[in-house]
1. Looking at the chain, send over the antiparallel percent of its DSSP beta bridges, to the nearest 5.
2. Determine, for Lys177, Lys87, Lys97, the number of other Cβ atoms within 10 Å of each Cβ, and report the residues in order from fewest to most.
3. Hey, what D do you get for the range 136-180 in µm²/s if you plug the Kirkwood alpha-carbon radius into Stokes-Einstein at 10 °C and 1.306 mPa s?
4. Among His118, His219, which comes first, then next, by fewest other beta-carbon atoms within 10 Å?
5. Choose one answer from Leu190, Leu65, Leu141: the residue with the largest mean-square fluctuation in a GNM of the chain with alpha-carbon springs under 10 Å.
6. Can you tell me which of 206-212, 108-114 comes out highest on packing, and rank the rest after it, using the mean Cβ neighbours within 10 Å?
7. Stick to the Cα atoms of the range 163-213, pair each with every other, and give me the Kirkwood hydrodynamic radius in Å at one decimal.
8. Rounded to the nearest 5, what % of DSSP beta bridges with both residues in the range 1-140 are antiparallel?
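Laboratory data are not the source of any read-out in this text; all were calculated from the coordinates shown. Values in this document were obtained by computation on a predicted structure and should not be read as measured data. Quick reminder, even Gly has a Cβ in these numbers, built from the backbone with ideal geometry, and neighbours come from all protein chains shown.
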Amino acid sequence: MAKLRLGVNIDHVATVRNARGGDTPDPLRAARIAQDAGADGITAHLREDRRHISDADIEGLMEMLSVPLNFEMAATAEMQSIALRHKPHAVCIVPEKREERTTEGGLEVAREENRLAHFIAPLREAGCRVSIFIAAEQRQLEAAHRIGAQVVELHSGAYCDAYHEGRFEQAEAELAKLREMASFGHALGLEIHVGHGLTYDTVSPVAAFPEVVELNIGHFLIGEAIFLGLEPAIHEMRRLMDEARGV
Ligand code: PXP
């Protein structure tokens, strides 16, 4: 099977920085270490309330990165104009408000097709690869395809939560849903990514889905970095992903 891409999400380096309001730890330094450690991309979410990543971080990332930036953002006019100014390699549209979410936490695309189709069209025209972060539900995948998204990122939070809370039957059921929907989305012609909540304990079965091409992982890696350092934490995740693919 082809090697998987690993996108490292550096939001929580900014969370720690912002807890004190100074300059450290610097998310750009984390991005540099991650890319040197073999990350295939850097993911950063500019939230409307700027609770972690800042506008200056996005500017800095666009200047310094040699790997692609995956810019996560809500479907708002402000975020669209920031994305159009920077033209990152990829944008991933995520929900930020409760009413924008499906029951499982991804973006409610099916109910907002028209608005989202108009929202992503200029991003695609600007050359960004548009990804939509959705729950592993057939109707969300079909809607993402209809609005012209090239990529969907399937939300693995329900699977990971169930696993780490010891609800293993539920975890298996969530995993089966992710597997089935990865295959369904691939058949529609969508590129399949997976992310949210992945850890060393949960990554391997997801990495083994043949249709998946990218995983986006943040919180666990930044947490492990406290104990191991960021580079070894990424190397271990990479090793598990490669092992699951047999590469
Ligand atoms: N993918 C998307 C779309 C996300 O919003 C997040 C969380 O910011 C992640 C992946 C990474 O999730 P985690 O930090 O739990 O690994």
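1. Around 5 percent of the beta bridges assigned by DSSP in the chain are antiparallel ones.
2. Placing the least packed residue first, the sequence is Lys97, Lys87, Lys177.
3. 140 µm²/s
4. His118, His219
5. Comparing Leu190, Leu65, Leu141 in the GNM, the peak value goes to Leu65.
6. Final packing ranking: 206-212, 108-114.
7. Averaging 1/r across every pair of different Cα atoms and inverting gives 11.5 Å.
8. Once the DSSP bridges in the range 1-140 are tallied, antiparallel ones form about 5 percent.
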